[in-house]
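Asker: Let me begin by handing over the structure; questions about it come next.
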Ligand SMILES: [Zn+2]
Ligand SMILES: [Zn+2]
């Protein structure tokens, strides 16, 4: 079984998103030729076009929480997954604010779009889901959307976790002990902690607790991009002994016996996906 992550976006936070300094399109997970799209924020559609990925291949869409850098392309992604809404297929997963709305947050997906896939699941921390044959554990987060969660995917080559937006606490980090690959939203650089997010100093603490084989920074804000995300990752690697890299848009991570990083081919043409003709 293959398990591959294609990073459609590596930016996060309001300013990176508004200016698209980095794309904020989330991740495509490919396993045995099947695809899951996690957090399709702004840029997801553009990046899928650029790598010639047909969204009709997507079988599940997962949305962690109700902030636009995680969901705003989702309705179009759902239309792509369902052949323009003509065929009921695929599954949509989201937190309560994403799918139902709570207080002044969400819902982020219209009732019409929620009805396009075959199924729709609201998740909560503690849930264990079967998503297209992969066991996925849902974890607690501490974020300004209180329903946000993190994820651990059980692959045949170890656990791969996506923490999603959260503040650092020891309790939150401990949920990920045993994970092989830790995808860590690191929004700001050293000495620059902002509420409900993690900075490089938090990444050091997080990785010391989890001790993964590889940590990957995503959700990069404009200040860490300006400071140099690669040098911030190197600082964490030097401080923890954990291999740490800052992801780049369209980076591919293959999780097999070994972990390998490459880049998706990128095109700038008028490609039309097979499913639309
Ligand atoms: Zn975010
Ligand atoms: Zn958020």
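The values are calculated or read from the model by the stated rules, or taken from the named source; none is laboratory data. In this text, all values refer to a predicted model and were calculated from it rather than measured experimentally. Cβ sites come from the backbone with ideal geometry, for glycine too, and all protein chains shown count toward neighbours.
Asker: Starting from residues that are more than 16 Å from ligand 1 (Cβ to nearest atom) and assigned to a loop (DSSP other than H, G, I, E, B), keep the ones in the stretch 155-170 and report whichever is surrounded by the most Cβ atoms within 10 Å (Cβ to Cβ).
Answerer: Here the answer is 157.
Asker: Another question, if that's okay. Identify all residues within the stretch 73-91 that are in a helix (DSSP H, G or I) and either out of contact with any strand residue (DSSP E or B) (no Cβ under 9 Å at 6 or more places or on another chain) or away from ligand 2 (no atom under 16 Å from the Cβ) (or both); write none if there are none.
Answerer: 75, 76, 77, 78, 79, 80, 81, 83, 84, 85 - these are the residues of the stretch 73-91 that are in a helix (DSSP H, G or I) and either out of contact with any strand residue (DSSP E or B) (no Cβ under 9 Å at 6 or more places or on another chain) or away from ligand 2 (no atom under 16 Å from the Cβ) (or both).
Asker: Output the number of the condition that residue 70 fails; it satisfies all remaining conditions of (1) in a loop (DSSP other than H, G, I, E, B); (2) within 14 Å of ligand 1 (Cβ to nearest atom); (3) out of contact with any helix residue (DSSP H, G or I) (no Cβ under 6 Å at 6 or more places or on another chain).
Answerer: Of everything listed in (1) in a loop (DSSP other than H, G, I, E, B); (2) within 14 Å of ligand 1 (Cβ to nearest atom); (3) out of contact with any helix residue (DSSP H, G or I) (no Cβ under 6 Å at 6 or more places or on another chain), residue 70 misses just condition (1).
Asker: Please find, among 273, 189, the residue that is touching a residue at least 24 places away in the same chain (Cβ under 8 Å), within 30 Å of residue 48 (Cβ to Cβ) and surrounded by fewer than 17 Cβ atoms within 10 Å (Cβ to Cβ).
Answerer: Sole residue among the options that is touching a residue at least 24 places away in the same chain (Cβ under 8 Å), within 30 Å of residue 48 (Cβ to Cβ) and surrounded by fewer than 17 Cβ atoms within 10 Å (Cβ to Cβ): 273.
Asker: Just one of (1) within 16 Å of ligand 2 (Cβ to nearest atom); (2) under 20 Å from the mean Cα position of the chain (by Cα) trips up residue 203, so point out which.
Answerer: (1)
Asker: Among the residues that make up the stretch 238-247, is at least one of them closer than 30 Å to residue 1 by Cα, surrounded by fewer than 14 Cβ atoms within 10 Å (Cβ to Cβ) and modelled with pLDDT of 95 or more?
Answerer: Among the residues of the stretch 238-247, at least one is closer than 30 Å to residue 1 by Cα, surrounded by fewer than 14 Cβ atoms within 10 Å (Cβ to Cβ) and modelled with pLDDT of 95 or more, which makes the answer yes.
Asker: What pairs come up if the first residue lies in the stretch 1-24 and is over 18 Å from residue 51 (Cα atoms) and free of Cβ contacts under 8 Å to residues at least 60 places away in the same chain, the second is within 14 Å of ligand 1 (Cβ to nearest atom) and part of a loop (DSSP other than H, G, I, E, B), and their beta carbons are under 8 Å apart, counting only those six or more places apart or on different chains?
Answerer: That search, which allows pairs on different chains as well, returns 17/24; 17/41; 17/42.
Asker: Here's something else I'd like to know. With the structure loaded, tell me whether residue 203 is buried (at least 16 other Cβ atoms within 10 Å of the Cβ) and closer than 14 Å to residue 11 by Cα or whether it fails that test.
Answerer: no
Asker: Does residue 65 satisfy the condition of being over 22 Å from residue 151 (Cβ atoms) and either touching a residue at least 60 places away in the same chain (Cβ under 8 Å) or more than 16 Å from ligand 2 (Cβ to nearest atom) (or both)?
Answerer: No, not satisfied.
Asker: Show me the strands (runs of 3 or more DSSP E) entirely contained within the stretch 193-258 in which 1 or more residues are within 17 Å of residue 150 (Cα to Cα).
Answerer: Hits in the stretch 193-258: 214-218.
Asker: Tell me which residues, restricted to the stretch 84-106, are in contact with a helix residue (DSSP H, G or I) (Cβ under 6 Å, 6 or more places away or on another chain) and more than 16 Å from ligand 1 (Cβ to nearest atom).
Answerer: The answer is 85, 90, 102.
Asker: Another question, if that's okay. Which one is nearest to the chain's Cα centre (by Cα) among residues in the stretch 1-58 that are assigned to a helix (DSSP H, G or I), buried (at least 17 other Cβ atoms within 10 Å of the Cβ) and within 15 Å of ligand 1 (Cβ to nearest atom)?
Answerer: Among them, the one singled out is 44.
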